[in-house]
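Single-structure report; data block below.
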Amino acid sequence: SDVATVIMLSDNNSNAFDLETYIARYPEASETRLQRLLFIAKKTPDPDLSKLAYHIAERQLRESSNVRCYKDNFGDSQKTGISYDASWVEETEILTQTSMETLEGRLSAAQAHLQKEAIRTAYLAIGDFARQRGDLSQALRAVMRSRDYCTTRSQTGHVCQLVIELAMDTKKLSTSP
C-alpha cells in the first residue's frame with residue numbers, strides 16, 4: 001500500500017526508496033502518477049525525497065498545462081522549495097483558453113452540420129484537453145456526452161473505458177457506466 005511505502009520512505013538504511021523506479025510504473029501524464037508524486041512529496045519525512053517528488057510533479061504539471069493543480073501545489077514556494085512561475089501560469093492560461101475556444105468552435109460546427117462522428121470526436125477532444133489541464137469534471141462531462149454519438153460497439157466501449165478512468169480519477173464512481 002502507498003501509506004506503508006511512505007512510512008518506509010524515512011528509513012535511511014541501505015533500502016532507500018527509489019522514487020524514479022516507483023513512479024515509472026505509471027503512464028507519464030496520468031493523474032494517478034501526479035497524485036502519487038504529490039502524496040509522497042507531502043507525506044515523506046525525507047526532505048530530499050520530498051524535493052525530488054515535487055520537482056517531478058512540477059515537470060509533469062508544466063508539460064500537461066495543468067495550471068489549477070500547479071497553483072494549488074506550488075503557489076506557496078516555502079512549502080515546496082520550488083519558485084512559483086507566475087508568467088508561465090499567465091501564458092498557459094491564455095493558450096489553454098484559446099485552445100478551448102477552438103475545440104468548442106469545432107463542436108459547434110459539427111453540431112450545425114449534424115455530423116454524429118464529428119460531434120463525438122469533438123466531445124472526446126474537449127474531454128482529452130480538459131483532462132490534460134486537470135479539469136477532470138469537465139472532461140468527464142464531455143466524454144459522457146460523446147457516448148450519445150457513438151455508432152459502433154467499439155466506440156461505445158472506448159468511451160465507457162474513458163468514463164471509468166475519469167470516474168476513478170474524480171472519485172465519482174457512481175457515474176461509471
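The values are calculated or read from the model by the stated rules, or taken from the named source; none is laboratory data. Keep in mind it's a predicted model, so treat the numbers as computed, not measured. Cβ coordinates were reconstructed from backbone atoms using ideal geometry, including for glycine residues, and neighbour counts include every protein chain displayed. Remember, those area values only see protein heavy atoms, side chains included, never the ligands or the DNA or RNA. Shrake-Rupley method; radii C 1.70, N 1.55, O 1.52, S 1.80 Å.
Between D128 and E63, residue separation times 0.36 nm minus the direct Cα-Cα distance comes to 22.0 nm.
Note on the chain: Lys pairs 8 or more places apart or on different chains, Cα atoms under 20 Å apart, count 9.
Rounded, prolate or oblate: which one fits segment 32-88, using the alpha carbon gyration tensor with axes a ≥ b ≥ c (rounded when a/c is under 1.5, else prolate when a/b beats b/c, else oblate)? Walk me through the intermediate numbers first.
Details: a/c = 2.05, a/b = 1.34, b/c = 1.53.
In terms of gyration-tensor shape, oblate.
Of the accessible area of the chain, with the probe set at 1.4 angstrom, what percent is carbon plus sulfur? That share works out to 50 percent. Among the trypsin sites (Lys or Arg not before Pro) found in segment 31-139, not one is both in a DSSP coil and sparsely packed, with 16 or fewer other Cβ atoms within 10 Å of its Cβ.
Using the beta-carbon distance between E28 and T170 and R0 = 30 Å, what value does 1/(1 + (r/R0)^6) give for FRET efficiency, to the nearest 0.05? Walk me through the numbers before you get to the answer.
Numbers: r = 20 Å, r/R0 = 0.68.
Step by step, r from the Cβ atoms, then E = 0.90.
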